[in-house]
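K.L.:
Just passing along the structure, written as structure tokens.
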Amino acid sequence: MKKQLLFSRLLALTIVSILNSHFLQAQSWQDLGNPSVGGEEVGRIFNIEGYQSGVYLCSDKGLFVSTDNGATFNNLTWTSGVTAGEQIICLFIDETDNTMYAGGETTIFKSTDGGSSWTGT
């Protein structure tokens with residue numbers, strides 16, 4: 001009886017191990033490189049958010065968006081307006097009206113046009 005129980009447990013453990021190793025090996029990752037602005041590469045990524053068809057990246061060089069699964073990133077904040085030169089640490093997008101709120105080091109910024117323009121709140 002004890003041998004059957006031990007055999008059953010070993011068999012179950014072997015099956016679980018085989019299944020787990022199969023799923024772990026099925027994952028693959030692709031290095032997308034570092035986005036840059038004006039030749040300056042991003043040094044720190046604080047947060048990544050997915051919303052609708054975009055991937056948003058909060059960084060020490062502002063807020064980036066990719067709409068092509070990471071093949072390219074466009075910066076929405078670093079070069080002009082009230083967000084120029086500001087690190088963007090976090091992002092919230094209100095799904096009811098698509099208003100974007102980006103958290104800088106000392107200010108929260110708001111955009112109602114998909115990130116084309118920003119105001120301080």
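Values quoted throughout were computed directly from the atomic coordinates according to the rules given, and no laboratory measurement underlies them. This structure is a prediction, so every number in the text was calculated from the model and none was measured. Glycine also receives a Cβ, built like all others from the backbone with ideal geometry; neighbour counts cover every protein chain displayed.
K.L.:
For every other residue with a beta carbon closer than 13 angstrom to the beta carbon of N75, add +1 if it is Lys or Arg and -1 if Asp or Glu, then tell me the sum.
P.N.:
Charge balance in the 13 Å sphere: -3.
K.L.:
Gain in length, T112 to Q30, computed as 0.36 nm per residue apart minus the alpha-carbon separation, to one decimal in nm?
P.N.:
Full extension from T112 to Q30 adds 26.3 nm.
K.L.:
For a quick check: sort L32, L91 by the number of other beta carbons within 10 angstrom, fewest at the front.
P.N.:
Ordered from fewest to most neighbouring Cβ atoms within 10 Å, L32, L91 come out as L32, L91.
K.L.:
Quick one: length gained pulling N69 to I48 fully straight, 0.36 nm per residue minus the C-alpha distance?
P.N.:
6.3 nm
K.L.:
Using each residue's phi in region 69-80, evaluate 6.51 cos²θ - 1.76 cosθ + 1.60 at θ = phi - 60° and report the 3J(HN,Hα) Karplus result to the nearest Hz, with x for Gly and Pro.
P.N.:
So the J values, rounded to whole Hz, are 6, x, 5, 9, 10, 10, 7, 9, 9, 5, 8, 8.
K.L.:
Taking other Cβ within 10 Å of each residue's Cβ, how do W78, W29, W118 sort, fewest first?
P.N.:
The most exposed by this proxy come first: W29, W78, W118.
K.L.:
Please report, in debye to the nearest 20, how large the charge dipole of region 23-121 is about its Cα centre when each Lys and Arg carries +1 at its beta carbon and each Asp and Glu carries -1 there.
P.N.:
Charge dipole of region 23-121: 80 debye, to the nearest 20.
K.L.:
For region 105-121, take each phi angle, set θ = phi - 60°, evaluate the Karplus expression 6.51 cos²θ - 1.76 cosθ + 1.60, and give the result in whole Hz per residue in order, putting x for glycine and proline.
P.N.:
Once θ is set to phi - 60°, the couplings for region 105-121 become 5, 10, 9, 9, 10, 10, 10, 10, 10, x, x, 6, 9, 9, 10, x, 10 Hz.
K.L.:
If the viscosity is 1.306 mPa s and the temperature 10 °C, what translational diffusion coefficient in µm²/s does Stokes-Einstein give for region 34-76 when Rh comes from Kirkwood over Cα pairs?
P.N.:
155
K.L.:
Give me I89, I108 sorted ascending by neighbouring Cβ count inside 10 Å, so fewest comes first.
P.N.:
With the sparsest Cβ surroundings first, the list reads I108, I89.
K.L.:
Please give me the summed charge of the neighbours of W118: other residues whose Cβ is under 14 Å from its Cβ, Lys and Arg +1, Asp and Glu -1.
P.N.:
-1
K.L.:
Turning to a different aspect of this structure: In a shell of Cβ-Cβ distance under 14 Å around V37, excluding V37 itself, what net charge do Lys and Arg (+1) and Asp and Glu (-1) give?
P.N.:
-2
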